1. Sorting check: for 63-72, 88-97, which peptide has the highest mean count of neighbouring beta carbons within 10 Å, and how do the rest follow?
2. Enumerate the whole-percent occupancy of each 10 Å bin, from 0 to the last occupied one, for all C-alpha pair distances of the stretch 70-138.
Amino acid sequence: MKKIAFLLILATSFMATLALANTNLPQPKSSLVPLDRTIAIVNDSVITQNELNAGIAAAKKQLAARKIPVPPPEKLRKDVLDQLIYAKLQLELADRFKIKVTDQQLNRAIANIAARNQMTVAQFRAKLEANGMRFKKFREQIKKQIRIAQVQQSAVSKDVSVSEKDIKSF
């Protein structure tokens, strides 16, 4: 149960990536500073060090907010990387199955999140931005989470079948 909760916490840790530095000009080794590096390749996409660092930072912040002890660095790194890989794979499935999220669905989800926090959407937006989270970025994260949830739901619903006999015996 703790692992599921931890993975759900990590689901909000998606961040934008930076391009790798690329130059054909000869330069001394000491002046080459990579902007980012690839940590994992997931089919046609990559997970970068910056994404992993952002995910780790977000996980630490969320765990601290919930007063949950932060696991050892290597375990946290592995868990965050696993979550990023799972998310990329599930988003690829969402693309393959053409799963879309309408603005109405997204707005409804954000309104529900604001209501659970006993705020209006405007208050919730102001609180996010006061905590350093751009609302546009938050919307993108929620949209990804909805798409992932729809992929998971479709996978589970295919495996669940209830017969007439099961209903009568219940």
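1. Answer by packing, highest mean first, reads 88-97, 63-72.
2. It works out to 17, 28, 36, 19, 0, in whole percents.
Read-outs throughout are calculated quantities, based only on the coordinates presented, and are distinct from any laboratory measurement. Note that this is a predicted model, so its numbers are computed, not measured. Every residue, glycine among them, receives a Cβ derived from its backbone with ideal geometry; neighbour counts consider all protein chains shown.
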